[in-house]
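> Okay, handing you the structure first.
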Amino acid sequence: MPTIKIDDKDYDLDTLSDEAKAQLASLQFVDAELLRVQAQAAVLQTARLAYSKALQAALPARAYDEFN
């Protein structure tokens, strides 16, 4: 008898309606996708920072100093 807790209430998965099971599956999919996208965003932010630092290093020192 597998259970799931939703809003502090335990539910027996075997007794959920097909509609409830479908909604639960969709919710679990979306939660997993959010985690995946958040991890991907962290990677992209790290890459952006690295590219920004590389660009700063590649710019002429005087031109860069004029903007700061």
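> What do you reckon, is Thr3 surrounded by fewer than 10 Cβ atoms within 10 Å (Cβ to Cβ), among the polar types (S, T, N, Q) and out of contact with any Leu (no Cβ under 6 Å at 6 or more places or on another chain)?
Values: surrounded by fewer than 10 Cβ atoms within 10 Å (Cβ to Cβ): no; among the polar types (S, T, N, Q): yes; out of contact with any Leu (no Cβ under 6 Å at 6 or more places or on another chain): yes.
No: the conditions fail for Thr3.
> Please go through the stretch 9-45 and give me each residue that is part of a helix (DSSP H, G or I), hydroxyl-bearing (Ser, Thr, Tyr) and surrounded by 10 or more Cβ atoms within 10 Å (Cβ to Cβ), ordered by number.
To start, the set of residues in the stretch 9-45 that are part of a helix (DSSP H, G or I) comprises 13-15, 18-45.
Adding the requirement that they be hydroxyl-bearing (Ser, Thr, Tyr) leaves 15, 26.
Answer for the stretch 9-45, where residues must be part of a helix (DSSP H, G or I), hydroxyl-bearing (Ser, Thr, Tyr) and surrounded by 10 or more Cβ atoms within 10 Å (Cβ to Cβ): just Ser26.
> Going residue by residue through the stretch 3-10, is there one that turns out to be of a type in the set (Val, Ile, Thr) and touching a strand residue (DSSP E or B) at 6+ places or on another chain (Cβ under 8 Å)? It would help to see each step written out before you state the result.
Let us first name the residues in the stretch 3-10 that are of a type in the set (Val, Ile, Thr), namely 3-4, 6.
Within this subset, residues satisfying the condition of being touching a strand residue (DSSP E or B) at 6+ places or on another chain (Cβ under 8 Å) are 3-4.
Yes - at least one qualifying residue is present in the stretch 3-10.
Any read-out appearing in this document is the output of simple, stated calculations on the displayed coordinates, not a laboratory observation. Small disclaimer: the values here were computed from a predicted structure and weren't measured. Cβ coordinates were reconstructed from backbone atoms using ideal geometry, including for glycine residues, and neighbour counts include every protein chain displayed.
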